[in-house]
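Asker: Submitted below is the structure of interest, expressed as structure tokens.
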Amino acid sequence: RVVLRPGPYVCGEFEFGGLPAWLLRDGPIELRTDAEPYMGHVERWWGELLPRLRREGLMLDDGGPVMLVQIENEYGHFGDVSEVEADRRYLERLADLARRHLGDGAQLFTSDPDDLAKLTRGTLSPSASRLGSEVLTTVDSCDVPEDAWAAQRSFNPPGRSPFFCSELWVGWFAHWGEPARPNLAAQRARD
């Protein structure tokens, strides 16, 4: 099975979050918002990628392997959908765009750290959005699995929150020349 994370923003640990540097060739633009030209670029990217998944039969409801599609990554570090209308609109626009290309059978999700404040700021919970019951909230880091799952469940409709740790961190990367970091794989497996 495949958990697809097509961006637009994929990870804070990568240069520019995985966004292409050419986005800035004409000067600064607002990123991770529903503002233009950013969303125009997102629409072109997803307009190329996502229909291919459907055409090639890669989505789970077509018998393919793609079972989950992430629409944003750790947005709670950046925006606040609970307080800022434009931030909520941005995530809803991403969800609507994914639905337009993938259909209603695609299971969409967001991922934020298992911290209630960041989850509140970064997810489309049923109380915050018309799409909250359609876009699952998942957690990452999951240092204490029971706490992470409790946080995740509090943002999803009852019965729609299987524990899913979207990024199980068993260590941290080291930059070139830095000493290696401890590998916590055995500890995480015991947890």
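Asker: Can you find, within the range 127-147, the residue that is farthest from Asp96 (Cα to Cα) among those that are more than 16 Å from the chain's Cα centre (by Cα) and of a type in the set (A, V, I, L, M, F, W, C)?
Answerer: Ranking the candidates gives Val144 first.
Asker: Then there's this: Check Arg55, Arg89 and return the single one that is under 18 Å from the mean Cα position of the chain (by Cα) and more than 19 Å from Phe164 (Cα to Cα). First the steps, then the outcome.
Answerer: Working: Arg55 fails: under 18 Å from the mean Cα position of the chain (by Cα).
Being under 18 Å from the mean Cα position of the chain (by Cα) and more than 19 Å from Phe164 (Cα to Cα) holds for just one of Arg55, Arg89, which is Arg89.
Asker: Would you pick out the residues in the range 118-139 that are open to solvent by less than 50 Å² (accessible area, probe 1.4 Å) and farther than 15 Å from Leu68 by Cα?
Answerer: Of everything in the range 118-139, those that are open to solvent by less than 50 Å² (accessible area, probe 1.4 Å) and farther than 15 Å from Leu68 by Cα turn out to be Lys118, Leu119, Gly122, Thr123, Leu124, Ser125, Ala128, Ser129, Leu131, Gly132.
Asker: State whether one or more residues within the range 82-94 are open to solvent by less than 70 Å² (accessible area, probe 1.4 Å) and outside any helix (DSSP H, G or I).
Answerer: Yes; the residues of the range 82-94 include at least one that is open to solvent by less than 70 Å² (accessible area, probe 1.4 Å) and outside any helix (DSSP H, G or I).
Asker: Which is over 18 Å from Ala98 (Cα atoms), assigned to a loop (DSSP other than H, G, I, E, B) and open to solvent by less than 30 Å² (accessible area, probe 1.4 Å), of Gly17, Gly7, Gly27? Don't jump to the end; show me each part of the working.
Answerer: Details: Gly17 fails: assigned to a loop (DSSP other than H, G, I, E, B); Gly7 fails: over 18 Å from Ala98 (Cα atoms).
Matching residue, one of Gly17, Gly7, Gly27: Gly27.
Asker: Look at the range 151-173 and say how many of its residues are loosely packed, with under 15 Cβ neighbours inside 10 Å and either at pLDDT 85 or above or among the basic types (Lys, Arg) (or both). Let's see the steps before the verdict.
Answerer: Start the filter on the range 151-173 by keeping residues that are loosely packed, with under 15 Cβ neighbours inside 10 Å, which leaves 154, 157-160, 162-163, 169-173.
Applying the additional criterion that residues be either at pLDDT 85 or above or among the basic types (Lys, Arg) (or both) yields 154, 157-160, 162-163.
So the answer is 7.
Asker: Looking at Leu50, Leu68, which one is in a helix (DSSP H, G or I), among the hydrophobic types (A, V, I, L, M, F, W, C) and either surrounded by 13 or more Cβ atoms within 10 Å (Cβ to Cβ) or free of Cβ contacts under 8 Å to residues at least 40 places away in the same chain (or both)? Spell out the reasoning first.
Answerer: Working: Leu68 fails: in a helix (DSSP H, G or I).
From the options Leu50, Leu68, the qualifying one is Leu50.
The values are calculated or read from the model by the stated rules, or taken from the named source; none is laboratory data. The structure presented is a predicted model; accordingly, all values stated were derived computationally and were not measured. With ideal geometry, Cβ positions are generated from the backbone for all residues, glycine too; neighbour counts draw on all protein chains shown. Ligands, DNA and RNA are stripped out before the accessible areas are found, and what is left, the full protein with its side chains, is counted by its heavy atoms. Shrake-Rupley method; radii C 1.70, N 1.55, O 1.52, S 1.80 Å.
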